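Any read-out appearing in this document is the output of simple, stated calculations on the displayed coordinates, not a laboratory observation. Since the model is a prediction, treat every value here as computed from it, not as a measurement. No Cβ is skipped: glycine too gets one built from the backbone with ideal geometry, and neighbour counts run over all protein chains shown.
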Amino acid sequence: MPAARAIPLEDELGDVIDKALRCAGFNEEQLAGRAGVSVEKIRNAEDYRYEDLTDDDLRRLAGALRLNEVGLAALARDRYPRPRVTGLPFCVHPMRLPFGVGVVNAYAVVDCATGVGLLFDGGTGFEALQQVWPRAVTRIEAVFLTHPEAEHIGGISGALRQHGLATFYGPRCGPTGPGCWPLGEGETVVAAGYQITAFSTPGHCAEHNCYLVRPKGVPRARALLVSGDLIFAGSLGGGYFSCQQLLRHARRILEALPGATVIAPGHGPMTTVANERKYNPFLV
Ligand SMILES: [Fe+2]
């Protein structure tokens, strides 16, 4: 597994301020008035220019936007903590596919000896997915979709064909299309020796699931949360469907799971529940 440290965060401070402004429902002028920080500095920050922002400015912005000031300051100074993500009782292979100016992730979760296991999301398309497919992943026995946006669903049908599967698991509501088996909150599937439990987490879009993965019959094993576009290292997904729902689901999941749970997001590096509980700007 590549070191998380080498993978850039999905969001910078400017993106976090932008998302927080949208969620709070006010504009830069209103934020300037509430925080006592100039509009120019706020606009510069949204354009990824942070040189003028003092520690005091960051504290005030965090207060006005109800953000975690330690995490916000860490993002601003390019010191956001990246935990080591070791100790899972299976192998996780992140597949990072180019998407726009960034990267989108799909994940294979497999037995380290046999390479047999599960696929989470399909990236932008099957050809692109094949280009980054790890040799160590030999067979997929079940496929899960976090949300039906093009860059996450693109390679799913090809992956199903390749591995002789007829259906994939996805969020409960909405037209996820033929071959989708819907999973709602708390529903659990057993496949390839794993127990996979769905959390229904709309907010980024109307149809969104996260999945908690453990070896079957080992309830105390360290688990993996495939978080889609709900939780990123150092940020959250955009609340395009409902900011309030997105915030509520991110907070309830980070509160409910053990700190050692590893998080595999739809964009950016892997992280842990403990790290995001402590530093994620949206967790206060
Ligand atoms: Fe995405």
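Relative to the current alpha-carbon distance between GLN30 and VAL284, full extension at 0.36 nm per residue lengthens the span by 89.3 nm.
Calculated from DSSP H runs of 4 or more alone, at -39500 (n - 2.57) each and per residue, what is the 222 nm mean residue ellipticity of the chain, nearest 500? Walk me through the intermediate numbers first.
Numbers: 10 runs with 85 residues, N = 284.
Mean residue ellipticity, 222 nm, calculated: -8000 deg cm²/dmol.
With the convex hull drawn over the C-alpha atoms of region 20-163, the volume per residue is 144 Å³. The fewest-to-most ranking of THR197, THR146 by surrounding Cβ atoms within 10 Å reads THR197, THR146. For region 232-237, putting each phi into the Karplus relation 6.51 cos²θ - 1.76 cosθ + 1.60 with θ = phi - 60° gives couplings of 10, 5, x, 6, 10, x Hz, in residue order, rounded to whole numbers and with x for Gly and Pro. Computed on the Cα trace of region 78-234, the radius of gyration divided by the Kirkwood hydrodynamic radius gives Rg/Rh = 0.94. What is the local net charge at LEU9, summed over the other residues whose Cβ is closer than 10 Å to its Cβ (Lys, Arg +1; Asp, Glu -1)? In short, -4. Once the Kirkwood radius over Cα pairs is known for the chain, the Stokes-Einstein relation at 25 °C and 0.890 mPa s delivers a diffusion coefficient of 128 µm²/s. Listed by chain and number, the lysines whose alpha-carbon sits under 30 Å from that of LYS41, ignoring those within fewer than 8 places in the same chain, are LYS19, LYS278.
What is the Å³ per residue value for the convex hull set by the Cα atoms of region 13-76?
Values: hull volume 4.2 nm³, N = 64.
Spread over its residues, the Cα hull of region 13-76 gives 66 Å³ apiece.
I want the local charge near CYS243. Using Cβ-Cβ distances under 10 Å, sum +1 for each Lys or Arg and -1 for each Asp or Glu among the other residues.
Numbers: positive: LYS19, ARG22, ARG248; negative: none.
Charge balance near CYS243 sits at +3.
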